[in-house]
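Data first, discussion second: the structure below is written as structure tokens.
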Amino acid sequence: MSINEQSRREFLKWSSVGVSSFALSSLINSTAAAMPQAPVSHHPAKAKSVILLYMSGGVSHLDSFDPKPLLHKLHGKPMPGQIERTQFDAVGNILGSPWKAKRYGDSGLEMTNLFPQIAEKADDLAVVRSLTADFSEHAQGNFFFHTGFPFLGHPSAGAWIAYGLGAANLRLPPYVVLRGEKVGVPHGGVSLFGNGFLPAFAGGSVFNLAGDSAVPNITPSIARQEQQKSLALIKDLDLQFAQRVAAKKAVLDCVRNAEIAFEMQQAVPELTDISQETKETLDLYGVSSSNPHTSQYGRQCLMARRLVERDVRFVEVLCSNVGIGAGGLGNPWDQHGEIQRGHGEMAQQVDAPIAALIADLKRRGLLDTTLIVFAGEFGRTPFAQGDGRDHNPFGFSAWLCGGGMKGGSIYGGTDEFGYHAVENKATIYDLWATVLHQLGMDHERLTFRYSGRDMRLTDVHGDVWKELIA
């Protein structure tokens with residue numbers, strides 16, 4: 001604000017408005033006015049929240065949810081047929097899986113024993129075996145998975161969902177990303193969770209569960225009442241300013257985020273205090289495990305349940321790095337070498353906590369309204385790279401659970417080597433079209449006008465997997 005008589009008069013006028021308005025309406029009571037429109041509803045919703053269990057680095061479908069007996073039969077022999085260009089152009093012989101496959105549950109869903117406890121939940125899983133991606137490099141693959149585009153600047157799926165449904169809990173962000181000790185952000189960085197051109201409130205908020213406070217500087221330095229008065233005055237000044245500038249919406253977004261941050265000062269410490277959880281629940285998730293990676297991931301899965309209990313719309317859970325193979329902090333499933341050891345230790349990290357999450361949501365009556373998505377940016381090749389596997393975007397697996405999905409079911413398939421999708425070829429666009437559908441939104445109608453066109457999470461693509469809907 002420039003120093004002149006006009007601006008000083010305006011400042012005094014706005015200040016008087018701010019002080020008087022505080023007497024009429026507190027900051028908390030006025031929060032709703034700054035929030036987005038009512039939730040988008042194109043049809044009845046079956047789910048109200050999503051938990052994305054993101055396996056960054058590319059978990060091997062061949063060693064988990066799409067076992068191929070032919071790989072054992074031809075183990076050590078050259079791969080027949082045309083070989084697609086790989087990420088590192090290191091093509092070895094066919095590599096049979098070191099894990100044993102069998103059928104699980106009443107549905108007889110076939111998978112290996114890499115994830116023994118998740119396998120016991122087979123009748124709750126809707127497995128997609130024909131997923132494809134357009135990119136085989138981690139950063140591009142991560143952006144493509146999260147946003148539908150291979151570069152930054154576009155909103156993530158979590159941001160689209162937060163934008164479409166709005167915030168059901170005004171004391172917490174609608175989109176939260178959970179990480180912990182030795183848990184890196186997937187290659188591509190925090191822009192993977194960004195709001196892009198959508199309103200700022202829709203962007204992901206990263207909670208780090210490794211330390212004493214999930215959110216830095218969450219403890220206020222002044223009394224709540226004094227802080228409330230200050231924020232109320234600032235809000236009134238901002239609202240007056242918003243009427244005078246072209247970027248009105250950007251100013252309102254700042255107001256909204258300040259109000260959410262104010263409420264988070266009380267909501268986040270209560271959320272992250274798990275002292276009232278029973279010992280049985282903590283043990284179920286593996287929080288007390290002697291394996292620090294299992295313990296950390298178990299805490300994150302437990303926190304995901306606590307967040308959806310509090311009506312947070314989208315929760316993403318990240319893995320920690322076990323330090324085996326080529327995988328780094330950002331892509332811990334990336335075992336180009338030592339896949340048996342690396343995938344084995346990564347599975348030990350996530351298996352029990354994920355199975356616990358499914359069971360805990362189910363017993364609390366939350367699985368019906370919570371959609372769990374388990375996926376990475378691509379799969380792995382049927383041939384070896386040393387004693388690991390290279391990236392394979394041509395056919396891989398993911399699964400969905402709860403939220404109105406048909407458990408114990410399979411969609412699509414890969415060839416006998418698990419190399420290419422050959423039946424009901426599926427895309428990331430289809431995945432998000434299906435997720436939005438379960439949340440009551442038509443992916444073709446959830447749009448935002450930007451740069452002269454109506455933008456979508458699914459761009460100009462996407463089909464709902466109706467065969468997997470209960």
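Here are a few things to note about the model shown:
- Taking amide H atoms as placed 1.01 Å from N in the peptide plane, the amide H of Met111 lies under 5 Å from those of Lys102, Tyr104, each 5 or more residues away in sequence or on another chain.
- Local electrostatic count at Gln140 - Lys and Arg +1, Asp and Glu -1, tallied over other residues with Cβ under 12 Å: -3
- Among the listed pairs Lys73/Lys100; Lys46/Lys182; Lys46/Lys466; Lys102/Lys279; Lys102/Lys406, a Cα-Cα separation exceeding 25 Å is found for Lys46/Lys182; Lys102/Lys279.
- Ellipsoid semi-axes in whole angstrom, largest first, where each is sqrt(5λ) of the Cα gyration tensor of segment 187-234: 27, 19, 6
- For Glu316, the residues 5 or more places off, or on other chains, whose built amide H falls under 5 Å of its own are Leu52, Val176, Val177, Leu178.
- Straight-distance candidates among the lysines for linking to Lys235, with alpha-carbon spacing under 25 Å and chain neighbours fewer than 8 residues away dropped: Lys13, Lys248, Lys249.
- Treating r as the C-beta distance of Val91 and Leu366 and R0 as 45 Å, the FRET efficiency rounds to 0.50.
- Packing around the peptides 306-312, 402-408, taken as the average count of other Cβ atoms within 10 Å per residue, puts them in this order, highest first: 402-408, 306-312.
- Per residue, the convex hull volume that the Cα atoms of segment 146-304 enclose (Å³): 138 Å³
- Helices that extend 24 Å or more along their long axis by alpha-carbon positions and average at least -1.0 on the Kyte-Doolittle scale are, among the DSSP H runs of the chain, 5-24, 224-242, 248-272, 292-309, 339-363.
- Seen from every direction in turn and averaged, the convex hull around the alpha carbons of the chain projects onto 24.0 nm².
- Per residue of the chain, the DSSP helices (runs of n ≥ 4 H) give a summed -39500 (n - 2.57) that works out to -11000 deg cm²/dmol at 222 nm.
- Applying D = kT/(6 pi eta Rh) to segment 155-217, where Rh is the Kirkwood radius over alpha-carbon pairs, T corresponds to 10 °C and eta to 1.306 mPa s, the Stokes-Einstein value obtained is 129 µm²/s.
- A cut-off of 5 Å between modelled amide H atoms, ignoring neighbours fewer than 5 places along the same chain, links Ala210 with Glu181.
- Ordering of 102-109, 171-178 by packing [mean C-beta count within 10 Å, highest first]: 171-178, 102-109
- Per residue, the convex hull spanned by the alpha carbons of segment 422-470 comes to 69 Å³.
- Taking one quarter of the surface of the C-alpha convex hull of segment 215-373 gives a mean projected area of 13.3 nm².
- Over all orientations, segment 305-354 has a Cα convex hull whose mean projected area works out to 3.9 square nanometres.
- Taken over segment 352-470, the convex hull of the Cα atoms encloses 148 Å³ per residue.
- Couplings 3J(HN,Hα) for segment 201-217, derived from phi with the Karplus relation 6.51 cos²θ - 1.76 cosθ + 1.60 (θ = phi - 60°), are 4, 7, x, x, 9, 8, 9, 9, 8, 6, x, 6, 10, 5, 10, x, 6 Hz, where x marks Gly and Pro.
Every read-out reported here was derived from the displayed coordinates using simple, explicitly stated rules and does not represent laboratory data. Since the structure is predicted, the reported quantities are computational estimates derived from the model, not experimental observations. Cβ coordinates were reconstructed from backbone atoms using ideal geometry, including for glycine residues, and neighbour counts include every protein chain displayed.
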